[in-house]
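What follows is a short report on a single structure.
What follows is calculated from the coordinates using simple rules that are stated; it is not laboratory data. Note that the coordinates shown come from a computational prediction; the quantities given were computed from them, not determined experimentally. Heads up, the Cβs are rebuilt from the backbone with ideal geometry, glycines too, and the neighbour counts pull from every protein chain shown.
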Amino acid sequence: MKPSIATITFNPAVDQTVSIPNFQAGAVNRVEWEQSDPGGKGVNVASFLADFGCSITVSGFLGKDNAELFQSFFIQKGIENRFVPIAGKTRVNVKIIDNLQNQVTDVNFPGQSPTPADIAALYQVLDHLATLCDWFVLAGSLPGGLPSSIYGEWVARLKAQGKTVVLDASGESFRQAIPFAPYAIKPNVEELQELCGHRLESEAAIVQTAQDLLGKGIECVVVSMGAQGAIFAEAQEVILARPPKIEVVSTVGAGDAMVSGLIVGKLRGFSLADCARLATAFSMGALSQLGPRLPPQVTIESFMEQVMVNTL
């Protein structure tokens with residue numbers, strides 16, 4: 001049997017991408033084209049994993065009033081939907097792409113707040129998923145009504161049942177989860193700086209901070225650095241992966257794709273260097289597409305061959 005994976009997205013979003021050449025704040029702007037995709041970090045991770053044939057279940061909170069986009073997407077991708085429906089609409093995140101000025105503007109809305117009954121219902125779903133799934137990905141921001149301690153609570157709860165937990169979060173909820181030592185984390189440089197409380201001016205400083213986190217019981221720390229690549233750190237090895245220069249179509253889900261590639265690499269028993277190649281190739285694939293999707297597997301494999309890896 002293939003290991004089953006659950007991704008948990010407490011605060012999903014409809015990712016609306018609009019193209020506005022020469023976008024100007026404070027002026028009338030005309031949209032060239034628009035695309036709406038189901039989003040949120042855990043939803044994106046599930047989408048990428050499904051593209052590679054993994055057995056995926058998704059959960060979290062989903063607004064009843066605009067759930068159809070998500071439901072049809074999950075059916076299309078063969079993803080098991082265990083989201084808890086709540087009152088209202090799932091939030092919309094607007095990404096304005098301006099190819100003339102080579103810039104992207106993000107407008108992110110707040111999420112719907114779940115009720116205590118919604119939270120209790122989700123806890124029941126997660127406890128049930130813990131009897132079915134081997135890997136859990138906890139990802140993204142939290143809506144109002146959830147305590148910052150929730151990621152730490154669920155890392156501990158799932159680890160106690162022998163589950164492998166990957167955490168991709170930021171801010172206070174991320175900080176509070178670190179002492180519970182998820183299997184893997186994937187902050188970007190800004191999120192890592194926020195966690196450690198000071199600027200990281202060099203790759204050496206990033207590596208040292210990652211190794212400090214490994215000392216807290218985390219087994220794998222991945223730090224994404226945008227076009228500069230990513231650092232993959234484990235107790236016995238630290239790898240720097242650098243992608244080739246590619247044309248970026250959209251940045252939606254690039255970090256989530258890296259998480260997905262890491263998981264696929266681990267499930268395939270890859271070395272850390274090959275996990276770094278595959279995770280970086282996944283991220284390159286996401287950057288080459290509109291919305292949370294990957295190009296064909298043969299393209300991902302060709303990207304892997306172009307990624308340069310060095311042991312630090």
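Here are the numbers for this structure:
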| quantity | calculated |
| --- | --- |
| When the range 185-312 is reduced to its Cα atoms, the Kirkwood hydrodynamic radius in Å | 14.5 Å |
| Percent RCO, i.e. relative contact order, over the range 185-312, from Cα pairs under 8 Å lying at least 6 residues apart | 22 percent |
| Under DSSP loop assignment and at most 12 Cβ neighbours within 10 Å, longest GluC sites (Glu not before Pro)-free interval of the chain | 33-200 |
| Lysines with Cα under 25 Å of Lys245, excluding same-chain neighbours fewer than 8 positions away | Lys41, Lys95, Lys186 |
| Value of relative contact order over the chain, rounded to a whole percent, pairs C-alpha under 8 Å and six or more apart | 15 percent |
| Angstrom value of the Kirkwood radius, inverse mean 1/r, which spans all Cα pairs in the chain | 19.7 Å |
| The range 1-182, relative contact order [Cα under 8 Å, separation at least 6], % | 25 percent |
| Isotropic mean projected area of the C-alpha convex hull, the range 1-144 (nm²) | 9.7 nm² |
